[in-house]
Amino acid sequence: MSVPMLDLAPQNASVKAAVLDGLAGLMDRSSFILGEHVKGLEAELAAYAGASFAVGMSSGTDAQLVALMALGIGPGDEVIVPTFTFFATAGVVSRVGAKPVFVDLDPATFNTTGALVEAAITPRTKAIMPVHLFGQLAEMPTICAVAAKHGLPVIEDACQSMGAKGWGKHAGQFGEMTAYSFYPTKNLGAFGDAGATVVRDSADLHARVRRLRVHGMEPVYVHHEVGMNGRLDEFQALVLRAKLPLLEGWHEGRRKHASWYHARLAKLDGGPFVLPKEVVPEGRHIYNQFTLRVKDGKRDALQAHLKAKGIGSAIYYPICLHEQPCFQDLGFRKGQFPNSERAAAEVLSIPVFPEMTEAMLEEVASGIESFYGA
Ligand SMILES: Cc1ncc(COP(=O)(O)O)c(C=O)c1O
């Protein structure tokens, strides 16, 4: 049996009727931009996150970009970001003309910590952008305490972690603003690009984000500042609204599979590889990815072995951001972030999508065992 890394077909089938019905309504009304579905989704997302506001954006990247713009971050400023993350987290910092200042990670979580962030603060630091990688929160209490001590805003990158919890709170309730991505591979995925900027409580930031989303315009054709076209399509909002009521079930499906892998692969855990652990107190890992750390330089060989058996896997991410060609002029060097560089060499994500059957999980687990002759 082959097992893909991700199969969206069953999930799409579960919302097909609602989406097609909604699409017919959209076509009849010819209302495609910032209409009732975007408005409705924004209210539903804010309620889900336990935050005051949410603004539908064209992607997770634009959701982060607009947050930096709303804080007025620009040339000469520094923003602290992890080096082990998807490119967008640092890309948006450069896009506003500021400098991404990279930090290392805690090997137990793949996420950064308050201590690592504090060591990177300079007089030019204007914001901190921790990432909740793979579905588990970064160490938010210490990060927020450091931010408060230095008077800095926090933008959470929850692009992989909508619905993740920790310390009794939701992703979106810690930082001033939070970015969600609805890229199709996320736990809540659109039928194309989509995202949202959650604003925890500031009505001013909310108004600024909304205005920046439409070229800094308010009212129509009066432009107070140069913004962007970051609007979310009505169609994507309608898809997301159809899926949102099912999201908790999908999170739980992923968590069930994670427990299954833990039970099934317990004998090898801590030996040739390390399984991801839920370490956040009062927390919930939502397993956007189930990511192993493969030791002894065997990651690529294990991936090739699984591929030969028809089992999908993926490497998120093989190159740290401080080693990316486009960031070579920032002054960081190879070896500076050893835990991140080690993670980039060791990580392998295996299938964990909610609709997997036990037979599929068994295929993945026995594929891994066969590599180690277990
Ligand atoms: C950690 C992280 N940040 C930012 C993004 C950007 O989101 P999008 O692809 O929706 O622009 C993603 C998604 O791919 C991500 O995983």
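Each value in this text was obtained by applying a stated rule to the coordinates, not by laboratory testing. No experiment lies behind these values; they were computed from the predicted model shown. Don't worry about glycine lacking a Cβ; one is built from the backbone with ideal geometry, like all the others, and counts go over all protein chains shown.
Quick rundown of the values:
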{"quantity": "Student exercise, region 247-371 dipole from Lys, Arg, Asp, Glu Cβ charges, in Debye to nearest 20", "calculated": "300 debye"}
{"quantity": "Pairs of lysines in region 247-371 (C-alpha under 17 Å apart; 8 or more residues apart or interchain)", "calculated": "6"}
{"quantity": "333, 200, 293 arranged by Cβ crowding within 10 Å, fewest neighbours leading", "calculated": "333, 293, 200"}
{"quantity": "Set of aspartates and glutamates near residue 243 by C-alpha distance (under 20 Å), chain-local residues within fewer than 8 positions excluded", "calculated": "7, 21, 36, 42, 44, 193, 233, 234, 252, 355"}
{"quantity": "Range of Cα positions in the chain per principal axis (Å), largest first", "calculated": "68, 54, 37"}
{"quantity": "Mean Cα-pair separation over length for region 9-245, i.e. relative contact order, pairs under 8 Å, 6 or more apart, %", "calculated": "26 percent"}
{"quantity": "Local electrostatic count, residue 369, Cβ distance below 13 Å [Lys/Arg +1, Asp/Glu -1]", "calculated": "0"}
{"quantity": "Calculated [θ] (222 nm, deg cm²/dmol) that DSSP helices of n ≥ 4 give over the chain, each run adding -39,500 (n - 2.57)", "calculated": "-12000 deg cm²/dmol"}
{"quantity": "Surrounding net charge for residue 265, when Lys and Arg each add one and Asp and Glu each subtract one, Cβ distance under 12 Å", "calculated": "-1"}
{"quantity": "Residue order, fewest to most beta carbons within 10 Å, for 357, 85, 142, 113", "calculated": "357, 142, 113, 85"}
{"quantity": "Peptides 206-217, 172-183 ordered by average Cβ neighbours within 10 Å, highest first", "calculated": "172-183, 206-217"}
{"quantity": "Alpha-carbon centroids, region 339-360 and region 30-95: separation in whole Å", "calculated": "26 Å"}
{"quantity": "Antiparallel content of DSSP bridges confined to the chain, in %, to 5", "calculated": "60 percent"}
{"quantity": "Residue (of 335, 46, 8) at the positive-pole extreme of the chain, dipole from beta-carbon charges", "calculated": "335"}
{"quantity": "Positive minus negative residues near residue 78 (Lys, Arg vs Asp, Glu; Cβ under 15 Å)", "calculated": "+1"}
{"quantity": "Dipole magnitude (debye, nearest 20) for region 9-245, charges at Cβ of Lys, Arg, Asp, Glu", "calculated": "80 debye"}
